[in-house]
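Notes for the one structure printed next.
The values are calculated or read from the model by the stated rules, or taken from the named source; none is laboratory data. Computed from a predicted model, the values in this text were never measured in an experiment. Backbone-built Cβ (ideal geometry, glycine too); neighbour counts: all protein chains shown. When the accessible area is computed, the model is the full protein with side chains, heavy atoms only, and any ligands, DNA or RNA have been set aside. Shrake-Rupley method; radii C 1.70, N 1.55, O 1.52, S 1.80 Å.
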Amino acid sequence: MNALKEKILRLIAQTGPISVAQYMQIALSDPEHGYYMRGDPLGKDFITAPEVSQIFGELLGLFFVQAWEDRGRPARFHFVELGPGRGTLMADMLRAAEKVRPNFVETARIILVETSPSLKRIQEETLALRRVTWLTRFEEVSGDVPLFLIANEFFDALPIRQFVRSERGWHERMIIAEGENLKFALAPDVVVPSHPLAAKPAPLGSIVEINPAADALARQIGERFDEQDGVALIIDYGYAQPSFGDTLQAVKNNAFADPLTEPGEADLTAHVDFSALKRAGHALGPITQRELLERLGIEARAERLKKENPGKATDIDAAVERLTAPKQMGTLFKALAIFEDRETPPGFEDAH
Ligand code: SAH
């Protein structure tokens with residue numbers, strides 16, 4: 001049995017069943033055996049948009065240059081990324097930004113928020129020639145200058161709580177031990193989850209999910225824009241309207257896995273509820289990743305890249321397809337902009 005599973009079984013024996021949120025937190029972030037603490041999962045277990053193609057980061061780099069210009073090119077500002085993975089996105093954004101506005105890159109204070117020591121080491125290599133500050137929590141980012149923030153596939157890693165409808169009402173979904181196995185079970189007491197669908201009648205067995213950590217973080221980001229100019233762009237897979245359903249998922253070696261069998265050995269995520277994040281402040285969206293990338297000019301950028309690298313034309317087309325096709329990442333992935341409500345961020349002109 002894996003060591004983290006033993007640890008969780010011991011915890012349950014001592015303190016009783018744990019919530020899905022506690023389980024997710026331990027499986028991803030246990031200091032010794034947590035999934036993100038162990039090594040580099042990107043590429044091995046799953047692949048993210050910046051790892052699919054440099055075009056993704058380049059377009060986002062231009063997004064932030066434009067947003068910065070629209071705000072009068074503030075001389076001091078923070079350029080923050082939450083959960084930077086291998087550092088690829090930040091490297092691509094900076095390279096593209098530097099070509100059009102060297103000043104943006106020279107004046108940015110670049111801050112990466114990362115909890116994983118092993119991914120931090122990889123980010124140090126990727127960004128070796130840049131002046132970068134690492135922090136482990138967004139709260140540590142001081143709020144005294146304008147803020148430009150990107151989070152790609154970060155919110156999906158924050159721990160959700162789940163509630164299941166029975167004849168009596170809503171019960172929190174918990175994790176219990178059965179011999180050497182971990183299993184889902186319902187807490188006996190009836191509660192009212194703070195979810196818009198929980199107040200209405202729901203079919204038996206319905207599941208609602210809430211993400212207190214994600215909501216609190218989005219609120220903190222939103223509050224920064226009460227004081228400061230700036231834009232936060234949140235890109236992730238998820239849903240635009242409050243919905244029922246169990247979205248907890250484990251992925252290992254690019255395939256779905258059972259979330260309870262090997263804690264710490266599979267990535268564990270949940271779909272992002274954009275309608276909940278949107279309550280954080282002035283926000284537009286979500287729009288689909290396809291809409292965002294098309295409005296930022298992915299077609300033109302791909303054409304130029306193909307001219308520069310004719311031998312790579314097929315790969316470039318395949319990458320664009322992967323990022324924008326509805327059956328791939330184009331519509332499941334969405335983008336939400338939280339900002340100070342002065343200048344509409346590029347690509348969000350028609351968004352609500
Ligand atoms: N944004 C990157 C990586 C996504 S994977 C990309 O698009 O490729 C999720 C990232 O978030 C990893 O870097 C992981 O270590 C980090 N992470 C997960 N939970 C975190 C937390 N609570 N605080 C800070 N970083 C976290």
Would it be correct to say that A300 is out of contact with any Ser or Thr (no Cβ under 7 Å at 6 or more places or on another chain) and within 16 Å of A319 (Cβ to Cβ)? yes
Among the residues of segment 139-151, which ones are within 16 Å of the ligand (Cβ to nearest atom) and open to solvent by 10 Å² or more (accessible area, probe 1.4 Å)? E139, E140
Answer from Q66, Q54 - the residue that is more than 12 Å from the ligand (Cβ to nearest atom), under 19 Å from the mean Cα position of the chain (by Cα) and polar (S, T, N, Q): Q54
Kindly list the number of the only condition in (1) buried (at least 17 other Cβ atoms within 10 Å of the Cβ); (2) farther than 24 Å from I26 by Cβ that fails for R219. (1)
Please give the number of the condition S194 fails out of (1) open to solvent by 20 Å² or more (accessible area, probe 1.4 Å); (2) assigned to a loop (DSSP other than H, G, I, E, B); (3) in contact (Cβ under 8 Å) with a residue 24 or more places away in the chain; (4) out of contact with any Asp or Glu (no Cβ under 8 Å at 6 or more places or on another chain). (3)
May I ask you to list the residues in segment 73-85 that are over 14 Å from the mean Cα position of the chain (by Cα) and in contact (Cβ under 8 Å) with a residue 40 or more places away in the chain? P74, R76, F77, H78, F79
Please determine whether any residue of segment 163-178 is among the basic types (K, R), touching a helix residue (DSSP H, G or I) at 6+ places or on another chain (Cβ under 6 Å), open to solvent by 40 Å² or more (accessible area, probe 1.4 Å) and under 18 Å from A21 (Cα atoms). no
Please work out which residue is surrounded by the fewest Cβ atoms within 10 Å (Cβ to Cβ), limiting yourself to segment 246-258 and to residues that are within 19 Å of the chain's Cα centre (by Cα) and either assigned to a strand (DSSP E or B) or modelled with pLDDT of 95 or more (or both). F256
Scan segment 18-42 for residues that are more than 9 Å from the ligand (Cβ to nearest atom), in contact with a Lys or Arg (Cβ under 6 Å, 6 or more places away or on another chain) and within 16 Å of T269 (Cβ to Cβ) and jot them down. V20, A21
Counting only residues that are out of contact with any strand residue (DSSP E or B) (no Cβ under 8 Å at 6 or more places or on another chain) and without any contact (Cβ under 8 Å) to a residue 60 or more places away in the chain, which one in segment 4-24 is least open to solvent (accessible area, probe 1.4 Å)? G16
Among the residues of segment 260-276 satisfying the criterion of being over 19 Å from the mean Cα position of the chain (by Cα) and open to solvent by less than 40 Å² (accessible area, probe 1.4 Å), which is farthest from I8 (Cα to Cα)? L260
Looking for something within 24 Å of F155 (Cβ to Cβ), surrounded by fewer than 20 Cβ atoms within 10 Å (Cβ to Cβ), more than 22 Å from the chain's Cα centre (by Cα) and not aromatic (F, W, Y) - is there at least one such residue anywhere in segment 328-341? yes
